[in-house]
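Single-structure report; data block below.
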Amino acid sequence: MVYKSLSSTLVVKLSFITEEARSMVKNESLIYDKLPLGPGYARKQGMFWLGRDTCVLVISNEGDPVTFGLLSTADRTFLFQNLVNLHKAGIYHGDFNERNVVSKNGGRPCIIDFSHSDMYHECRGVDGCDELTMAKDVLGLRSSSISVQDQPF
């Protein structure tokens with residue numbers, strides 16, 4: 001369950017129904033701890049337990065979902081670079097789509113929701129990874145238009 005107030009700077013995820021749901025929230029918390037520094041990702045504010053069965057993940061509220069086709073080329077490139085940086089850090093997002101990319105008032109896009117992520121990803125690079133290839137396509141970026149930082153995977 002995700003709670004977000006319109007005036008809040010925080011988003012609260014509650015998990016109390018099944019062990020699988022609690023496990024996903026715990027994994028997501030660990031992913032937030034491993035995120036690269038810099039803009040482009042929501043930030044974890046804390047993870048708490050209420051008793052033995054309810055975990056609460058609190059993250060920064062970075063805005064509302066975007067529509068990829070309405071983003072500028074610069075913002076789509078920024079978003080793709082942040083996804084590449086996740087992969088360089090060993091993180092496979094696992095659910096990269098419009099509902100998991102948000103923006104405040106037309107600001108820079110921000111990747112959220114790491115509940116389906118894997119933090120032991122061994123990426124084969126921009127053209128050798130299924131998630132990066134799919135992202136490049138859905139963002140409408142051509143290989144020739146992508147200037148990915150020259151750091152090895």
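The values are calculated or read from the model by the stated rules, or taken from the named source; none is laboratory data. Since we're looking at a predicted model, the values are computed, not measured. Heads up, the Cβs are rebuilt from the backbone with ideal geometry, glycines too, and the neighbour counts pull from every protein chain shown. Only protein heavy atoms, including side chains, enter the accessible area calculation; ligands, DNA and RNA are left aside. Shrake-Rupley method; radii C 1.70, N 1.55, O 1.52, S 1.80 Å.
Accessible area per residue for the chain, computed on protein heavy atoms with a 1.4 Å probe, is 54 Å².
Per atom type, the chain shows carbon and sulfur on 54% of its accessible surface, probed at 1.4 Å.
Segment S23..L70, full-extension length gain: 13.5 nm, with 0.36 nm per residue of separation and the alpha-carbon distance subtracted.
Label 7 Å along Cα→Cβ of N105; the range 34-66 residues with amide nitrogen under 12 Å? Those under the cut-off are none; the list is empty. Taken about its Cα centre, the chain carries a charge dipole of roughly 440 debye when the Cβ of each Lys and Arg holds +1 and the Cβ of each Asp and Glu holds -1.
With 19 Å as the limit on Cα-Cα distance, the pairs of K26/K136; K34/K88; K13/K44; K26/K104 that go past it are K26/K136; K26/K104. Take T73: with every protein chain present and a 1.4 Å probe, its accessible area is about 80 Å². Between S8 and R124, the simple label model (points 7 Å from Cα in the Cβ direction) yields a spacing of 4.1 nm. Taking Cβ atoms as reference points and 9 Å as the exclusive limit, the residues near H93 contribute a net charge of -4, counting Lys and Arg as +1 and Asp and Glu as -1. Once the mean of 1/r is taken over each pair of separate Cα atoms and inverted, the chain shows a Kirkwood hydrodynamic radius of 16.1 Å.
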